[in-house]
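Please read the structure below before turning to the comments.
A short reminder: the numbers here are calculations on the coordinates, not readings from a lab. All of these numbers come straight from a predicted model, not from anything done at the bench. Quick reminder, even Gly has a Cβ in these numbers, built from the backbone with ideal geometry, and neighbours come from all protein chains shown.
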Amino acid sequence: MNRPFECPGCGSERIQKARIIMRAGIPIGTETSRKLSPPAEPTSATEPAGRYSIYVGASLLLIGVYTLLTMHTLHANQIGLFLQTTGLILVFLGISLWALSQIKLNAKRPKYKEDYAKWEHLWYCSRCRNTFYDS
Ligand SMILES: [Zn+2]
């Protein structure tokens, strides 16, 4: 890849790499920042839900086990078993949600890598506000 010397649009030499401009910091939400922003890294909305289910499930499971081990009334045993079962289901659900989100993320990653690699060759002309790629 050769460093371009001028903007292919207007011939200005006031050109800079998008990566450098973004690193230096420009106001976000502007048209320029939208043009020059790197591709968004894929994130999964189900991942926090999965993690939350695992935490809550594990806590219920522990409380259930504790109830079973320490209290020996029929009522306590029923509650303990209920908490244990609910906890197990939640942990299982959480692990499934988390695994699903990881699979989805992995599927999006190659495209993101490709877009990101392309973005690293994006240039910006501060005279005509043109963006272009070096080649
Ligand atoms: Zn230009």
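Some points to look at:
- Here the stretch 83-125 is the region considered, the condition is being within 30 Å of residue 3 (Cβ to Cβ) and aliphatic (A, V, I, L, M), and the residue that is surrounded by the most Cβ atoms within 10 Å (Cβ to Cβ) is 122.
- Considered as a group, the residues in the stretch 90-100 that are out of contact with any helix residue (DSSP H, G or I) (no Cβ under 7 Å at 6 or more places or on another chain) and not hydroxyl-bearing (Ser, Thr, Tyr) include one that is nearest to the ligand (Cβ to nearest atom), and that residue is 99.
- Screening the stretch 101-135 for residues that are within 16 Å of the ligand (Cβ to nearest atom) and hydroxyl-bearing (Ser, Thr, Tyr) and picking the one that is farthest from residue 38 (Cα to Cα) gives 126.
- Taking the stretch 19-44 as the range and being among the charged types (D, E, K, R) and within 16 Å of the chain's Cα centre (by Cα) as the test, only 41 passes.
- Helices (runs of 4 or more DSSP H) enclosed by the stretch 1-70 - at least 2 residues per element that are within 16 Å of the ligand (Cβ to nearest atom): 18-24, 31-36
- Residue within the stretch 14-23 that is farther than 15 Å from residue 132 by Cα, surrounded by 13 or more Cβ atoms within 10 Å (Cβ to Cβ) and touching a helix residue (DSSP H, G or I) at 6+ places or on another chain (Cβ under 6 Å) present: yes
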